[in-house]
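A quick write-up on the structure given underneath.
The values are calculated or read from the model by the stated rules, or taken from the named source; none is laboratory data. The shown structure was predicted, so the numbers you read here are calculated from the model rather than taken from an experiment. Note: ideal-geometry Cβ built from the backbone for every residue, glycine included; neighbour counts use all protein chains shown.
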Amino acid sequence: MRSPEETLPLLRTLAEEAAKLAYAPYSRFQVGAALLLDDGRTVTGCNVENLSYGLTSCAERNAVFRAISERGPAAKIVAIAVTNMRGTMCAPCGACRQVLHEFAAEDAVITYSMDEGWATRRFRELLPDAFVMTGKA
């Protein structure tokens with residue numbers, strides 16, 4: 001099996017394809033995300049807007065929810081790609097970072113589009129102090 005880093009070009013392409021399917025009539029900001037799971041499978045998602053903006057769902061969360069609904073809660077994300085149809089900066093929002101954190105493997109890698117090129121880093125760098133359960137009730 002290839003390393004997560006070796007799959008980043010494929011994940012970028014899958015995220016670009018997913019972005020084309022986005023429903024973004026209000027912002028016209030079509031976003032796509034692609035996840036590589038620890039079993040080698042990939043899952044994609046796109047943003048789905050709603051006239052009531054607060055009900056809009058981001059591409060990253062849609063991909064995670066799809067992964068869990070198709071593979072179950074034991075699925076672990078080992079690599080993530082996020083992009084948009086404009087080719088501009090597209091790092092996950094705070095809510096998406098927290099949801100991704102819940103299912104990301106310890107050394108998960110993330111790549112996302114920038115105004116020029118791609119940024120790639122360990123996911124934990126994007127959310128170093130994630131909300132976690134302490135085990136105390």
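Here are the numbers for the structure shown:
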read-out: Sole residue being over 21 Å from ARG122 (Cα atoms) and in contact with a strand residue (DSSP E or B) (Cβ under 8 Å, 6 or more places away or on another chain), chosen from ALA63, ALA22, ALA59; value: ALA22
read-out: Pair list, Cβ under 6 Å, 6 or more apart: region 22-40 residue closer than 16 Å to GLU102 by Cα, other residue part of a strand (DSSP E or B); value: LEU35/VAL43; LEU35/ILE77; LEU35/ILE80; LEU36/THR42; LEU36/VAL78; LEU36/ALA79; ASP38/VAL78
read-out: Residue in region 54-67 that is farther than 21 Å from PRO4 by Cα, at pLDDT 95 or above and not hydrophobic (A, V, I, L, M, F, W, C) present; value: yes
read-out: Test: residue in region 83-105 that is more than 12 Å from the chain's Cα centre (by Cα), of a type in the set (A, V, I, L, M, F, W, C) and exposed (fewer than 14 other Cβ atoms within 10 Å of the Cβ); value: yes
read-out: Verdict on GLY45 being at pLDDT 95 or above and at positive phi; value: no
